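I'd like to ask some things about the structure below.
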Amino acid sequence: MNPAVDFAILDTLAEDLEVDTMVTILASFLEDARARTATARIAWAEGDVERLRQEAHTIKGASSSLGLSAICDASLTLEMAARNGTASLDAITAVSRAIEALSSQLEGSAYTLDPQ
């Protein structure tokens with residue numbers, strides 16, 4: 001199993017972008033991912049499987065780029081379920097939980113987020 005956060009990827013990005021910039025990017029990601037998860041819930045309730053798949057795909061791509069493995073894995077599972085017509089509220093909740101766990105996973109590292 002992958003670690004929830006791959007700090008080696010964050011460190012590599014920070015070499016070019018600096019740690020403060022990475023913290024800003026992570027905070028922006030968190031805000032965007034929360035909004036996209038909310039949109040995914042609405043899409044699921046409305047039966048809009050394509051929109052649900054797109055939101056999961058977008059979260060998956062961004063989280064993968066940042067080394068956020070737990071969020072990426074949960075989003076991939078949701079994306080595949082949407083593609084196969086088996087998406088569930090539980091799968092959306094798994095993505096949401098992974099997103100909400102990010103702040104605590106970063107706590108104590110150079111990438112600690114300000115409380116929101």
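Within the bounds of region 39-55, is there any residue that is closer than 23 Å to Pro115 by Cβ and at pLDDT 95 or above?
no
From the list Ala14, Ala40, exactly one residue is over 14 Å from Ser75 (Cβ atoms) and more than 11 Å from the chain's Cα centre (by Cα). Which is it?
Ala14
I'm trying to understand the selection: among the residues of region 1-39, which are crowded, with 19+ Cβ neighbours inside 10 Å and not in a helix (DSSP H, G or I)?
Selection gives Val5 alone.
Out of Ala87, Ala91, Ala98, Ala74, I need the residue that is of a type in the set (A, V, I, L, M), more than 12 Å from Ala33 (Cβ to Cβ), crowded, with 16+ Cβ neighbours inside 10 Å and in contact (Cβ under 8 Å) with a residue 24 or more places away in the chain. Which one?
Ala87
Just to be sure before I move on: is Ala70 within 11 Å of Val95 (Cα to Cα), in contact with a Leu (Cβ under 7 Å, 6 or more places away or on another chain) and part of a helix (DSSP H, G or I) in the structure I sent?
It is false that Ala70 is within 11 Å of Val95 (Cα to Cα), in contact with a Leu (Cβ under 7 Å, 6 or more places away or on another chain) and part of a helix (DSSP H, G or I).
Kindly indicate which of Ser75, Ser64, Ser109 is in a loop (DSSP other than H, G, I, E, B), polar (S, T, N, Q) and under 30 Å from Asp16 (Cα atoms).
Ser109
Also, quick follow-up: Determine which single condition Glu55 fails, assuming it passes every other condition in (1) out of contact with any Lys or Arg (no Cβ under 6 Å at 6 or more places or on another chain); (2) buried (at least 21 other Cβ atoms within 10 Å of the Cβ).
The one condition Glu55 does not meet is (1).
The values are calculated or read from the model by the stated rules, or taken from the named source; none is laboratory data. If you're wondering where the values come from, they're calculated on a predicted model, not measured in any experiment. Cβ sites come from the backbone with ideal geometry, for glycine too, and all protein chains shown count toward neighbours.
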